[in-house]
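The values are calculated or read from the model by the stated rules, or taken from the named source; none is laboratory data. Since we're looking at a predicted model, the values are computed, not measured. For neighbour counting, all protein chains shown are included, and Cβ atoms are generated from backbone atoms with ideal geometry for every residue, glycine included. With ligands, DNA and RNA removed, areas are computed over all heavy atoms of the protein, side chains included. Shrake-Rupley method; radii C 1.70, N 1.55, O 1.52, S 1.80 Å.
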Amino acid sequence: MGTASGAGADGGRDRDDEGRAQNQRPRDRYGRPLPHGSRGEVERVPDDAEFTVDEGLAEAQRLLDAGYAFTAHEVLEAVWKSVSGPERELWRGLAQTAVGLTHAQRGNAVGAARLLRRGADCVASFGPRAPHGVDVEGIAAFARALADDLDVGRARSGDGIDPSGMRLLGA
């Protein structure tokens, strides 16, 4: 991801009063920022978006199926921010796998493989009894296989990466 220090529409930075990056700039389908005033290729997930677990899983899967791993990551991150307790790690891992897919789509094979494995390890730690029917074993296997394929050149990062193979819920 690029820096969040770009100028806002008013010439200022895209930051809130506490200095946190804001979700203001339009993005391309892979989440890369476009110039202010451009027409984005994807609908943005607002910084204050809230999703129930079921809504988040359904929307993230819809976005993955359509090829929008970055936006799926934003949805999963919104759920991560809203849950508490040990389950937060599940959502962090799901968001990391989606970011890994995003890096693969953007052409960053090394970063993608690293994030895919980190996310896979995180979700796999929940074992077969993961909450909400999340298929952690399938997600971990998908993420690790893609990371391995990127490492040895069986998959080439870029536009050919298809995130729809990552199924969030078990059959």
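Average accessible surface for the range 27-171: 48 Å² per residue, computed with a 1.4 Å probe over protein heavy atoms with every protein chain in place. Summarising the amide proton neighbourhood of Leu169: residues at separation of 5 or more, or on other chains, whose placed amide H is nearer than 5 Å comprise Asp135. The order of the peptides 71-81, 93-103 by mean Cβ neighbours within 10 Å, most packed first, is 93-103, 71-81. For the range 118-171, the relative contact order comes to 38 percent (Cα pairs under 8 Å, sequence separation of at least 6).
Averaging Cα coordinates gives a centre for the range 112-143 and one for the range 44-109; these two points are 13 Å apart. Comparing Ala104, Leu90, Gly56 along the charge dipole axis of the range 42-132, the residue lying farthest to the positive side is Ala104, per the Cβ-charge model.
Fully extending the segment from Asp121 to Asp47, taken as 0.36 nm per residue of separation minus the present Cα-Cα distance, adds 24.0 nm. Each principal axis of the Cα cloud of the range 93-171 was taken in turn, and the coordinate range along them, longest first, works out to 34, 20, 19 Å. For the range 43-166, the orientation-averaged shadow of the C-alpha convex hull comes to 6.8 nm² (one quarter of the hull surface).
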